1. Here is a list of conditions, (1) among the hydrophobic types (A, V, I, L, M, F, W, C); (2) touching a residue at least 12 places away in the same chain (Cβ under 8 Å); (3) surrounded by 15 or more Cβ atoms within 10 Å (Cβ to Cβ), and Ile179 meets all of them except one; can you say which number that is?
2. What residue, of Ile147, Ile94, Ile151, is in contact with a Gly (Cβ under 6 Å, 6 or more places away or on another chain), under 20 Å from Ser339 (Cα atoms) and aliphatic (A, V, I, L, M)?
3. Being part of a helix (DSSP H, G or I) and over 30 Å from Phe389 (Cα atoms) is true for just one of Gly312, Gly272, Gly303. Which residue is that?
4. Would you check if there is a residue in the stretch 223-240 being under 23 Å from the mean Cα position of the chain (by Cα) and either farther than 28 Å from Val352 by Cβ or exposed (fewer than 14 other Cβ atoms within 10 Å of the Cβ) (or both)?
5. I'm trying to understand the selection: among the residues of the stretch 323-336, which are part of a helix (DSSP H, G or I) and buried (at least 22 other Cβ atoms within 10 Å of the Cβ)?
6. Right, Phe120: at pLDDT 85 or above and not acidic (Asp, Glu) or not?
7. Residues that are in contact with a Phe, Trp or Tyr (Cβ under 9 Å, 6 or more places away or on another chain) and closer than 25 Å to Leu194 by Cα: list the helices (runs of 4 or more DSSP H) wholly contained in the stretch 40-145 that include at least 3 such residues.
8. Taking the stretch 314-364 on its own, how many of its residues are under 10 Å from the mean Cα position of the chain (by Cα) and over 21 Å from Ile294 (Cβ atoms)?
Amino acid sequence: MPGKKQKGSAAKTQKTKHVSGYRRSEYMEQKVFRKGGIDVGFLTVVIVLLVLGLLMVFSASYPSANYNFGDGLYFIRRQAIWALIGVAAMIFTIRFDYRMYKKLAVPIALVTLFLLAAVFLFPAVKGARRWIGFGSFSFQPSEMAKIAVIIYFAAGLSNTKEKIRDIRILARYWGMLLIVLGLLILEPHFSVCLIIGFVAVIMLLVAGARVRHFAVASLVAVPVVIAVATRASYRMDRLRVFWDPFIDKQGDGWQIIQSLYAIGSGGIFGLGFGNSRQKYMYVSEPQNDFIFAIVCEELGMVGAFVIIALFGILIWRGIKIAMNAPDAFGSLLVTGIISLIGVQTFLNIAVVTKMIPTTGISLPFFSAGGSSLVFLMAAMGMVLNVSRFKTQIVDIR
């Protein structure tokens, strides 16, 4: 009997040591955030695209700026100022810990909704209420809405995790999205609705939402989108001339016809930088939504493919940053921003090349516009900030 008691006591001691060892292993090792250098490749592509965009705004805008304002440098001067502000915004967001956005997601969303509603207090410009203006300063809250929705979705989805597979949880995000899209439709700003809608769907799917839930929702969403798109007569005119621009070549078909002429006349190697002919009052406001047509005319197919490749590299580097992000929020934040770049670039090029009906979608880094460029550069800083953080298992004994 004494032997059995001793044996049992030894077994208990051994178990205690095992448990003690397990606890020591658990508490002696800890996952920590380490801050390092930014993704230099991503930053390099951002700077190259920004410089190329400024050069093309200068080339594309000179004739129309000279004709309308008596100053050929009118647009490029303003764009350069906005670019400097954008670089400053990027430097700030590179240094600002991205994890703070998760805490600020709801306040940012509320401020954005307030600004989207505030546009209706200001006069309409060209039939739309999209701007908040004070003197010579104007600001488009819709550009802020793109980033705000991404931050809000990333913050919520990083907490929701696998619960997003529940249709009731998914419906909450749809509800938030419908409020934002509803305000944008009232402006109206249908193109931004498309962009935000696509980005939101991508983020929800990446977070683990069920595809079949979107299939069911599309049975309601598609008819609503068609009804909204066809409600306004000018959208019906755009759909009509999409099939055959030459039925109204002096009216609604003019822009796309001139865009296709510009692309075709560029050939393989282009007419040379600054030598576009279509920018001389043929392509309307060539420094904005149809600047890619001028790119094709001046730099040719080769130059256009180089720029598309740069966007591809930017997206690829962004995906790598998202995959290596230290937490779910950082991964989803980068996913949303990179999706925004990809969707907006694709839709702009699709419009310019007549793949889809004409709608006002700017080309990131290239199209002239202050609000869009500043928020774009700030978003690039957010991605670079995420790239600075890595997780590391350290022994704290």
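The values are calculated or read from the model by the stated rules, or taken from the named source; none is laboratory data. Owing to the predicted nature of the structure, the values given are computational and were not obtained by experimental measurement. Cβ coordinates were reconstructed from backbone atoms using ideal geometry, including for glycine residues, and neighbour counts include every protein chain displayed.
1. With (1) among the hydrophobic types (A, V, I, L, M, F, W, C); (2) touching a residue at least 12 places away in the same chain (Cβ under 8 Å); (3) surrounded by 15 or more Cβ atoms within 10 Å (Cβ to Cβ) applied to Ile179, the lone miss is (3).
2. Values: Ile147 fails: in contact with a Gly (Cβ under 6 Å, 6 or more places away or on another chain); Ile151 fails: in contact with a Gly (Cβ under 6 Å, 6 or more places away or on another chain).
Every option except Ile94 fails the conditions.
3. On the way: Gly312 fails: over 30 Å from Phe389 (Cα atoms); Gly272 fails: part of a helix (DSSP H, G or I).
Answer to the selection: Gly303.
4. no
5. Looking only at the stretch 323-336, we keep the residues that are part of a helix (DSSP H, G or I), and these are 323, 328-336.
Of everything in the stretch 323-336, those that are part of a helix (DSSP H, G or I) and buried (at least 22 other Cβ atoms within 10 Å of the Cβ) turn out to be Phe329, Gly330, Leu332, Leu333, Val334, Thr335, Gly336.
6. On the way: at pLDDT 85 or above: yes; not acidic (Asp, Glu): yes.
For Phe120, the condition - at pLDDT 85 or above and not acidic (Asp, Glu) - is met.
7. Values: elements: 40-69, 74-95, 99-118.
Because the criterion is at least 3 residues that are in contact with a Phe, Trp or Tyr (Cβ under 9 Å, 6 or more places away or on another chain) and closer than 25 Å to Leu194 by Cα, the helices (runs of 4 or more DSSP H) in the stretch 40-145 that meet it are 40-69, 99-118.
8. Of all residues in the stretch 314-364, those under 10 Å from the mean Cα position of the chain (by Cα) come to 334-345, 364.
Right, trim to over 21 Å from Ile294 (Cβ atoms) and you get 334-340, 342-343.
Final tally of qualifying residues: 9.
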